Amino acid sequence: MCGLVGAIANRDVMSVLVDGLRNLEYRGYDSAGVATMNGDVLSKQRAVGKVEVLAQQLAASGMSGTMGIGHTRWATHGSPVEHNAHPHVSTELVAVVHNGIIENYQAMRSELIDLGYIFESQTDTEVIAHRIHFHLLKHGSLLAAVQATLPELEGAFAIAAISSDEPTRMIAARLGSPLVVGIGDKENFVASDVTALISETRQFIYLEEGDVADIRSDSVTVYNRYNRQAERPIQTSTMEKHAASKGDYPHYMLKEIHEQSTALRQTLSMALTDERIDESCLGDNAANILAGIEAVQICACGTSYHAGLVGRHLIETLAKRPCWVEHASEFRYRDPVVPANTLFVVLSQSGETADTLAALRYARTAGYAASLAICNVASSSLVRESDLQFLTQAGPEIGVASTKAFTTQLLGLDILALLLARHNGMDAITEAAITKHSLKKACFAVESVLSLDEQIRDIAQQLVDKQHTLFLGRGVMYPIALEGALKLKEISYIHADAYPGGELKHGPLALVDEDMPVIATAPGDKLFAKIQANLQEVEARGGQLFVFTDRPECFTASERCQVITMPHVDDILAPLVYTIPLQLLAYHVSVIRGNNVDQPRNLAKSVTVE
């Protein structure tokens, strides 16, 4: 993995490929490459490092073509060196780019070596190129060769293949990894993400699981997993060209932190009708489904998992329904006991997270009453395959460290909790009060916290040289502590752990000394006295405290205890509001340390492999 683009036209497509790869840089990668057809001559160029390195090499080479494929690679099989970069070529006849992981590649590799094929890389992708070549010699058609290869592949893939035998045809296919076909005027495209092609077209076909697309400059024919021709609708993307730009901000992450109030306002507006939450925001059949729900299971990964932990508190507190949360990457490897009438909820920014998708597909066979996806991408696999959908309105999120996708997921979980509460007897007056006085204030509360930026930057200066950091929270603030720790480790590379405050004396207190910064979220809720006592334990042992609270008068500010005053908000809003300063803290620490904020090492934006 990580980013894939292709184009076929009656013009030189090199600029389309390079610009498409630049637009996909946010996904994270360590090398890049392209292959083109100029007449029936197949050429390739690959480079380790940034797309700009590849672009300079291409400009110097004069390479061109009316058809081509490109790729930004995030290393899975084999180190990030040039011979492992995509595209991979078989006998100068077939070139392939690939996102995903082929799980049976070792066995296929051995078989291909026995057939006389020579491997130049350590990747799983090269077996695809050689296998397509093998079938091309048998069938004489690139389409037939790809269709014969796909059933032999175990794992996940999105691929694009070209051949010098058929210089006016590109074949693309997907299973488990996203792939879209862009429709132009006598030219067509393929990419792993519409972001790659938004400068070329707004018309897209979203390929479904098992689809194969036969792409020419003047036509696109789609075949399903049974090799039967299939009709797939052309959809118009509403993404603006500038939506994926940094604007006046130095980094995407900072821009996206500041966009959160707008994203929350737009997300809430999708759910409100006449100041009341409209159940149809989850789908036309939502009212009937939610009426019978007696429990909720949430599955997600990473930041979305933390949102799910907050959701558990909201659902159990407001709706009085049992709720449990699990890592999607672990869920399907056990045999869950499913209580009757349980709603299965999945959370994902991209809607293509491989582990979360696999969990959803497993859940569909496990006896859950229905499924709900809370997601930012309407065209994603997760949304298409769920019974109910809540579409957050975060807009494109380019920074690898999620910010606005997280807070809009929290809002989506607030809405779900209120709708379930309605079906469990919450009266209209109480619901209206929560909607009007809590949810509608979220945008303004988030904006007010952004004014703390300068103070948070000063704190960041004190953390820059630290090796370890501890985050603490109680109740619904514990997931926010987890999220704060994740953000710091993701982009600053400082080791950070998070614990419920009550767990300090059960082990983590041994870590506390003058070199261990302790960052705490302490809103004035029912657990305030508890977290206050926990922080006194830290202070008594010489720990360095940084406390975010709306009750600053309850702490004695000193060199060892720095207090950041937060706005007072209702309990339901506290997770939304208290996560903002932790995002800013991670951002500023990373910037001061000179890290690549938007593309942290070893991480990818959309994790489409297990």
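Worth a mention:
- Cα principal axis extents for the chain, largest first, Å: 77, 55, 44
- Normalising the average separation of contacting C-alpha pairs (under 8 angstrom, six or more residues apart) by the number of residues puts the relative contact order of the chain at 12 percent.
- Fewest-first sequence of His495, His313 by Cβ atoms within 10 Å of each Cβ: His495, His313
- A DSSP coil position with no more than 14 other Cβ atoms inside 10 Å describes the following chymotrypsin sites (Phe, Trp or Tyr not before Pro) in the range 140-243: Tyr226.
- Cα-based values for the range 167-219, radius of gyration first and Dmax second, are 10.5, 29 Å.
- With respect to the chain, whose longest principal axis is taken over its alpha-carbon atoms, helix 260-271 is tilted by about 80°.
- Integer Hz, Karplus 6.51/-1.76/1.60 couplings in order for the range 317-330, x for Gly and Pro: 6, 8, 8, 6, 10, x, 8, 9, 10, 9, 5, 4, 5, 9
- Computed helical MRE - 222 nm, the chain, DSSP H runs ≥ 4 contributing -39500 (n - 2.57), nearest 500: -10000 deg cm²/dmol
- Cβ-defined net charge surrounding Ser438, 12 Å radius [Lys, Arg +1; Asp, Glu -1]: -1
- Convex hull volume per residue in cubic angstrom - Cα atoms of the range 19-147: 111
- With 30 Å as the limit on Cα-Cα distance, the pairs of Lys255/Lys530; Lys246/Lys489; Lys255/Lys320; Lys255/Lys526 that go past it are Lys255/Lys530; Lys255/Lys320; Lys255/Lys526.
- Cα-only radius of gyration and Dmax that characterise the range 376-438, units Å: 14.3, 41
- Environment charge at Asp40 (Cβ cut-off 14 Å; Lys +1, Arg +1, Asp -1, Glu -1): -2
- Shape metrics for the range 252-437, restricted to C-alpha atoms - Rg then Dmax, Å: 15.4, 44
- Whole-Å distance, taken between Cα centres, linking the range 430-506 and the range 195-238: 42
- Ranked Arg232, Arg131, Arg334, criterion: other C-beta atoms within 10 Å, fewest first: Arg334, Arg232, Arg131
- Of all lysines in the structure, those lying under 28 Å Cα to Cα from Lys138, and not within fewer than 8 positions of it along the same chain, are Lys44.
- Cα centroid of the range 532-602 to Cα centroid of the range 127-176, whole Å: 52
- Distant-in-sequence amide H partners of Val325 (H built 1.01 Å from N, under 5 Å): Ile298
- Here the range 72-161 is described by how far its Cα atoms reach on the three principal axes: 34, 25, 23 Å, from widest to narrowest.
- Of all DSSP bridge pairs formed entirely within the chain, close to 65 percent run antiparallel.
- The range 194-242 has equivalent-ellipsoid semi-axes of 23, 11, 8 Å, by the square roots of 5 times the alpha carbon gyration tensor eigenvalues, sorted largest first.
- For the range 188-308, Kirkwood radius (reciprocal of mean inverse C-alpha pair distance, Å): 18.8
- The equivalent ellipsoid that matches the C-alpha gyration tensor of the range 2-244 spans semi-axes of 24, 21, 17 angstrom, in descending order.
- Amide H contacts of Ser177: Phe157, each under 5 Å away and 5 or more positions distant or on a separate chain (H built 1.01 Å from N in the peptide plane; Pro and chain starts excluded).
- Three-way shape call for the range 425-530 based on the alpha-carbon gyration tensor, with the a/c threshold at 1.5: oblate
- The mean sequence separation of alpha-carbon pairs under 8 Å and at least six residues apart, normalised by the residue count of the range 2-244, gives a relative contact order of 19 percent.
- Footprinting exposure proxy for Arg321, Arg457 (fewest neighbouring C-beta atoms within 10 Å first): Arg457, Arg321
- On Cα atoms only, tilt of 354-363 relative to the major axis of the chain in degrees: 80
- Length-normalised contact order for the range 482-610 - Cα pairs under 8 Å, 6+ apart - percent: 29
- Other residues within the sphere of radius under 11 Å centred on the Cβ of Ala498, judged by their own Cβ, net out at -1 (K and R +1, D and E -1).
- Rounded to the nearest whole Hz, the Karplus-based 3J(HN,Hα) values (6.51 cos²θ - 1.76 cosθ + 1.60, θ = phi - 60°) of the range 409-421 follow the sequence 5, 4, 5, x, 6, 4, 5, 4, 4, 5, 5, 5, 5, with x at glycine and proline.
- Amide H partners (placed H, <5 Å) of Asp124, local residues excluded: His77
- Nearest 10 degrees, 0 to 90: helix 528-540 Cα axis against the chain principal axis: 90
Taken together, the values in this text are just the output of simple stated rules run on the coordinates, not laboratory data. Bear in mind that the values here come from a model prediction, so they are computed numbers and not experimental data. As a convention, Cβ positions derive from the backbone with ideal geometry for all residues, glycine included, and neighbour counts pool all protein chains shown.
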